[in-house]
1. On the basis of being closer than 21 Å to S549 by Cβ and in contact (Cβ under 8 Å) with a residue 40 or more places away in the chain, does V33 make the cut?
2. Residues to consider are A435, A414; find the one that is in contact with a helix residue (DSSP H, G or I) (Cβ under 9 Å, 6 or more places away or on another chain), assigned to a helix (DSSP H, G or I), small (G, A, S) and touching a residue at least 40 places away in the same chain (Cβ under 8 Å).
3. So, restricting to helices (runs of 4 or more DSSP H) that lie completely within the range 259-329, which ones have at least 1 residues that are in the same structural domain as A388 (by TED's automatic domain parsing), within 32 Å of the chain's Cα centre (by Cα) and surrounded by fewer than 18 Cβ atoms within 10 Å (Cβ to Cβ)?
4. Test each condition in (1) under 19 Å from V659 (Cα atoms); (2) surrounded by fewer than 23 Cβ atoms within 10 Å (Cβ to Cβ) for V589 and report the one that comes out false.
5. So L612 fits all but one of (1) within 19 Å of D654 (Cα to Cα); (2) in a loop (DSSP other than H, G, I, E, B); what number is the exception?
6. Residue by residue through the range 25-82, note down the ones that are under 15 Å from A498 (Cα atoms), polar (S, T, N, Q) and buried (at least 20 other Cβ atoms within 10 Å of the Cβ).
Amino acid sequence: MDHARVARDVLTYVGGADNISAAAHCATRLRLVLNDMDKVDQKALDKDPDLKGTFVAGGMFQIIVGPGDVDIVFDEMVKTGGVKEVSKDEAKQEAAKSGNIVSRFIKMIADIFVPILPALIAGGLMMAINNVLTAGFFEAADGSTYGLTDRYPWLADYAGLINLVSSAAFAFLPVLVGFSAAKRFGGNVYLGAAMGAAMVSTELTSAYNIQQATEEGLIESWSLFGLNVDKIGYQAMVIPVLCVAWILSVIEKWLHKRLSGTADFLLTPLITLLLTGFLTFVVVGPLARELSDGITAGLQWLYNTAGPIGGFLFGLVYSPIVVTGLHQSFPAVELPLIADMQSGGAGSFIFPIASMANVAQGAVALAVFVLTKDAKMKGLAGAGGASAVFGITEPAIFGVNLRLRWPFFIGIGAAAVGGALVSLLNIHSQALGAAGFVGFVSIVPDDILKYIVVELIVFAIAFGAAISYGMTRGKNSLSGDSVDDVDEAALEAEATKAHAATVELPAEAATDFTVTSPIQGRAVPLTEVKDKTFSSGMLGPGLAVVPESGPVVSPIDGEVLVAFPTGHAYGLRSASGVELLIHVGMDTVELDGKHFTPKVAAGDKVLRGQTLVEVDWAGVTEDGYETVTPIVVSNATAFEGVTDEQAGAVARGDALYCVTPAAEPAEQGANA
């Protein structure tokens, strides 16, 4: 490989050094953070015989060069092209900064919530079970309704325990988010969790009970810096604890840089929690609560003033408000609306619109469940979608819809249609409950049929639109991979295979009878191989290599005839007709693929130097197997023999031996 030429061409094909904001490399790939992906000349990269494929992962454009070559090409890019060299971790951080502020915020939210999704999914599904047990499915003689726990009292304690466990993740959500967000922002996770716990302390009035506590005058306050600060908790809220975790991390990192030793160990956590605590309850929390109250009042005015348009806009913004956690203030408006029914009021419009939004987000998550082939995403989408249609949307929103983005936007669009229909049909609720398919028990009886019909319409719109979009424009994003969880090895194998299908063998390969070393190590005669079938030449002439390190690469330009699933043996045919057998180690078929990572399959075209298999040589040796690898000409009878054998130390790509073509018949007659 002409490494300098490859480096120059790569720079040209990706839009020049100015289009690269950061660059790093791993064992096989260049990892480039690009400013503008549209400047990449993909066709030129695909045609380059020294490059083995490309793919995008974790916000980085990755070019497969191959082991032993990638570091040299990278050094040439840095020396001659002025590329900014960073570490792999720094490249990931730089990639995370790419995109507009909205996409970066969404990614940040996803990074924080993905680790805590199991707790939210389990809690959501358990809440659905509790809702089924306690919802008023049965009607009494006086017209009132009652649930399974009323009909079968022995179920009450079971429902109570289920409700206790299921609500924990949501009631103490700031603790989980504080831990995860502090990790994301580079702070101490336990300090983040401690601040989250402080925000839901039993010393504070629960956010769920603000309305009742206010009416009864039970809310206490602190007098801090000349201000009266209400002692109110932040149960199930997201934005306040995100801000708190970010502030905590900034303060902590600032202190770490200025203190050291014992002073750092003792004073940094003390000062961090002290400052963050005051900022949380004096500034961040009250501002978030004022914002929440303002949003609630604004939406109420909009709905009452604009009718179906107001319902449309409320449905459009409900799920984004759930992302922030500010929807926790809505009961403060709903309860008075429900109480006003005693004096002729219609009831709450918020609950039915919330139900439409929840069903829409559940429907799009279930569409992803149907479409995706990614096992992890399928699990999240199925569980999250089921939870959402029963009223708990956080698992679906944070685990699936926001990560993929387009399902979330389809969901809020369908919810907007539902909100408009709720307003147009004048649907109201008479109680709080699970805002989803089982929410009909909370609806004014005369509106139940309309409520169910609108929910089915919203579900159909959201599910159908998501299926349609996902099968076309969204099909390439159904794994939801982030910078940290993407399987780059699988993507590399897929990209290499796709590139191999387009490989055009060099014209000169048809007359090239040279076999190069597929491994770095020491070339030895076949007589030193302990297996008699090789040492006797029974399988053909050639040499063997005692490996030192690295993968096994193709010694010719040609085609893979045989590739054992275990990765231990390969049959190749060069463009000039030479057929080779490469047996990686002795008796290694018994390992059944252990320590071997195949990179090619039968039928693939391969270029000289392309990786055939990656091998853990130390693991093979530890398991008691010889690593000596014969490279023999299996169709030697079609040729004159093997010459120019190069024993001794060899690097990958060094000439190993040359196969002598058979003499033409005419030449044989003349010689006779």
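1. When the stated conditions are applied, V33 does not pass them.
2. Details: A435 fails: assigned to a helix (DSSP H, G or I).
Only one candidate passes the filter, namely A414.
3. Working: elements: 261-279, 285-306, 308-324.
Those helices (runs of 4 or more DSSP H) span 308-324.
4. (1)
5. Tallying (1) within 19 Å of D654 (Cα to Cα); (2) in a loop (DSSP other than H, G, I, E, B), L612 fails exactly one: (2).
6. Within the range 25-82, T54, Q62 meet the criteria.
Yes/no matrix, rows are residues, columns are (1) touching a residue at least 24 places away in the same chain (Cβ under 8 Å); (2) not in a loop (DSSP other than H, G, I, E, B):
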| site | (1), (2) |
| --- | --- |
| V114 | yes, yes |
| L120 | yes, yes |
| G124 | yes, yes |
| I129 | yes, yes |
| L133 | yes, yes |
| D142 | no, no |
| W154 | no, yes |
| G160 | no, yes |
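Every residue, every condition in (1) crowded, with 17+ Cβ neighbours inside 10 Å; (2) touching a Gly at 6+ places or on another chain (Cβ under 7 Å); (3) of a type in the set (G, A, S); (4) under 16 Å from C243 (Cα atoms), yes or no:
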position: P118; (1), (2), (3), (4): no, no, no, no
position: L133; (1), (2), (3), (4): yes, yes, no, no
position: T149; (1), (2), (3), (4): yes, no, no, no
position: F172; (1), (2), (3), (4): yes, no, no, no
position: V177; (1), (2), (3), (4): yes, yes, no, yes
position: A182; (1), (2), (3), (4): yes, yes, yes, yes
position: G186; (1), (2), (3), (4): no, no, yes, yes
position: A207; (1), (2), (3), (4): yes, yes, yes, no
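The values are calculated or read from the model by the stated rules, or taken from the named source; none is laboratory data. Here the structure is a predicted model, which is why all the values come from computation and not from measurement. Backbone-built Cβ (ideal geometry, glycine too); neighbour counts: all protein chains shown.
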